[in-house]
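Below is one structure; the comments refer to it alone.
The values are calculated or read from the model by the stated rules, or taken from the named source; none is laboratory data. What you see is a predicted model, and the numbers here were worked out from it, not measured in a lab. Backbone-built Cβ (ideal geometry, glycine too); neighbour counts: all protein chains shown.
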Amino acid sequence: MNLNNTKADVIIDLQQRGYDNDFILKSEGLLCIQHHEMINPDQFEISESYRFDGKTKPCDNFIIYAIRSLNDDVKGILMTSYSALTRGMSVHLWSKLSVELR
């Protein structure tokens, strides 16, 4: 993808490639909204990630992850702010997600 793409461009592209579920962060893992299923860090892989660094405010810093569940091949998107990656999650989950920030 082009470096000038917006968050919306990235999400649309991922959805067109089958990443059509939504994930949200929980303290011990990720929750797939559509399947009401929690997956722990050992049960998913990060296929791709896209960083969006805010030009004026640190709160505008986001990362979009393309996530694939290893157990049942559910694919989806996790979009979160950098600051959310520092609050209330297990070390195991944080270490898996933070690798993409380096």
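Determine which member of the set SER27, SER49 is in contact (Cβ under 8 Å) with a residue 24 or more places away in the chain, within 19 Å of TRP94 (Cβ to Cβ), part of a loop (DSSP other than H, G, I, E, B) and among the hydroxyl-bearing types (Ser, Thr, Tyr).
SER27
Note down all Cβ pairs under 6 Å where the first residue falls in segment 52-79 and is at pLDDT 90 or above, the second is of a type in the set (Val, Ile, Thr), and they're at least six residues apart or on different chains.
Cβ pairs passing all conditions: ILE64/VAL10; TYR65/ILE46; SER69/ILE39; GLY76/ILE67; LEU78/ILE67; MET79/ILE64.
Given the condition modelled with pLDDT under 85 and closer than 23 Å to VAL10 by Cα, answer yes or no: does some residue in segment 39-50 qualify?
No, that holds for no residue.
Cβ contacts < 9 Å: first residue touching a residue at least 40 places away in the same chain (Cβ under 8 Å), restricted to segment 8-22; second residue part of a loop (DSSP other than H, G, I, E, B) and of a type in the set (Asp, Glu), any location; separation 6+ or different chain. Result?
Here the result reads LEU14/ASP20, each pair linking segment 8-22 to a residue that is part of a loop (DSSP other than H, G, I, E, B) and of a type in the set (Asp, Glu).
Can we say MET89 is within 10 Å of the chain's Cα centre (by Cα) and touching a residue at least 60 places away in the same chain (Cβ under 8 Å)?
Answer is no for this residue.
Collect the residues in segment 64-93 that are part of a helix (DSSP H, G or I) and in contact with a strand residue (DSSP E or B) (Cβ under 7 Å, 6 or more places away or on another chain), keeping them in residue-number order.
Selection gives ALA84 alone.
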